[in-house]
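First comes the structure, then the notes that go with it.
The values are calculated or read from the model by the stated rules, or taken from the named source; none is laboratory data. Just so it is clear, the model here is predicted, and its values are computed rather than measured. Glycine gets a Cβ as well: all are built from the backbone with ideal geometry, and neighbour counts include every protein chain shown. Just so you know, the surface numbers come from the protein's heavy atoms only, side chains and all, with ligands and any DNA or RNA stripped out. Shrake-Rupley method; radii C 1.70, N 1.55, O 1.52, S 1.80 Å.
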Amino acid sequence: MYWVGRAGEVEAFYGDTATSRRILRRWTRLIGQRARRLDALGIRHVHTVVPDKLAIYPDLLGRPFPGLDDPPGVRLARSVAVDSGAPMADLQTPLVAARDGEPVYLRTDTHWTYRGYLIAYRALCEALNAPVADHVFAGTSTRETFTFDLGEKLVPPVDEAYVAYDFPRRAERIDANALVEVRESGRAVRPRGLFVGSRVVLQNKTAPDPRRVILFGDSYIYSPGARLTAMLAETFHEVHAIWSANIDWRYVEAVRPDVVIFEIAERFLRQVPNDRIHIDRFAAARARRAVRPTLREQIRRWLR
């Protein structure tokens with residue numbers, strides 16, 4: 001199963017159209033600006049685009065689709081190389097190379113299988129000259145069944161048997177912002193979707209790499225389970241994981257990490273961020289709204 005958008009917006013973006021060229025030019029400028037600012041701060045950096053399942057398994061789609069031979073993430077990497085040479089980690093190549101073995105994407109979801117996460121983890125470590133933690137690759141697996149995001153959109157919903165993977169965790173969470181705390185507390189009136197703006201900090205006193213990392217990204221980076229945050233925290237001494245497409249420059253300048261990693265899913269490239277965010281202020285506002293009933297909900301309570 002593939003996600004192509006509610007109104008064909010992914011299909012319109014994938015093709016080499018005037019709109020997609022304009023959007024990718026804006027991304028190219030943004031990445032160049034970010035690279036120059038991080039260089040000035042003495043911070044190593046890398047951007048990476050998570051390919052859509054369309055780009056890895058185009059032959060299983062079953063119908064024509066534009067741009068599958070040259071997807072947006074690949075075009076962006078070429079453009080950045082010409083414009084600024086800012087470092088970008090290539091996930092497309094290793095995922096394509098691995099696709100004919102054990103699956104690297106779930107059938108009924110947009111996300112990777114645990115094998116896909118391991119491939120991405122290794123690629124990012126290689127891009128940053130960091131050692132992989134051997135115990136991440138020596139985890140345990142069980143067979144489980146779950147109704148994933150795409151499967152639950154069907155009527156009736158379709159579940160999927162998948163391999164659940166875990167590994168020994170040496171990193172510990174030492175901080176989380178208000179949005180994470182509200183989501184985990186169960187106090188939210190509307191608990192769904194309380195992810196954008198989340199921030200956690202993991203520390204690993206036995207990490208093989210002493211550097212501190214800030215990781216900006218989306219659902220591919222986040223704990224729990226076989227997510228990039230958890231894997232990278234087994235390599236680096238400290239990982240700050242922030243669910244945001246915007247870089248919070250105040251936060252970067254306050255923490256002064258050794259490395260900044262930016263990850264984004266290919267389908268989300270359609271929206272170009274402006275990097276104007278104060279992540280903890282944004283999270284606190286969302287957390288307050290999440291525990292406050294709407295007027296309609298208050299009226300329903302009164303009527304009861």
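So the values come out like this:
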{"quantity": "Label point at residue 78 placed 7 Å out along Cα→Cβ; residues across segment 1-40 whose backbone nitrogen lies under 20 Å", "calculated": "11-32"}
{"quantity": "Options (i) 54, 36, 35; (ii) 55, 51, 43; (iii) 62, 47, 43 - which one matches Cα extents along the principal axes in Å as calculated here", "calculated": "(iii)"}
{"quantity": "Residues of segment 1-160: accessible area per residue with a 1.4 Å probe, Å²", "calculated": "49 Å²"}
{"quantity": "For segment 42-176: span of alpha carbons on each principal axis (Å, largest first)", "calculated": "51, 45, 32"}
{"quantity": "Inter-label distance for residue 7 and residue 292, nm, one decimal - labels placed 7 Å from Cα along Cα-to-Cβ", "calculated": "3.0 nm"}
{"quantity": "Amide proton proximity set for residue 50, modelled H, under 5 Å, gap of 5+", "calculated": "264, 265, 266"}
{"quantity": "Prolate/oblate/rounded call for segment 108-148, Cα gyration tensor, a/c under 1.5 rounded", "calculated": "oblate"}
{"quantity": "Contact order normalised by residue count of the chain, Cα under 8 Å, 6+ apart, percent", "calculated": "19 percent"}
{"quantity": "Calculated FRET efficiency for the pair residue 218/residue 142, C-beta based, R₀ 25 Å, to 0.05", "calculated": "0.45"}
{"quantity": "Apportionment of accessible area to carbon and sulfur, segment 5-124, percent (1.4 Å)", "calculated": "52 percent"}
{"quantity": "Over 20 Å [Cα-Cα, segment 1-77], rounded percent", "calculated": "40 percent"}
{"quantity": "Solution diffusion estimate, µm²/s, Stokes-Einstein, segment 132-176, Kirkwood Rh from C-alpha pairs, 4 °C, viscosity 1.567 mPa s", "calculated": "99 µm²/s"}
{"quantity": "Distant-in-sequence amide H partners of residue 148 (H built 1.01 Å from N, under 5 Å)", "calculated": "160"}
{"quantity": "Between segment 101-170 and segment 203-220, the alpha-carbon center distance in angstrom", "calculated": "19 Å"}
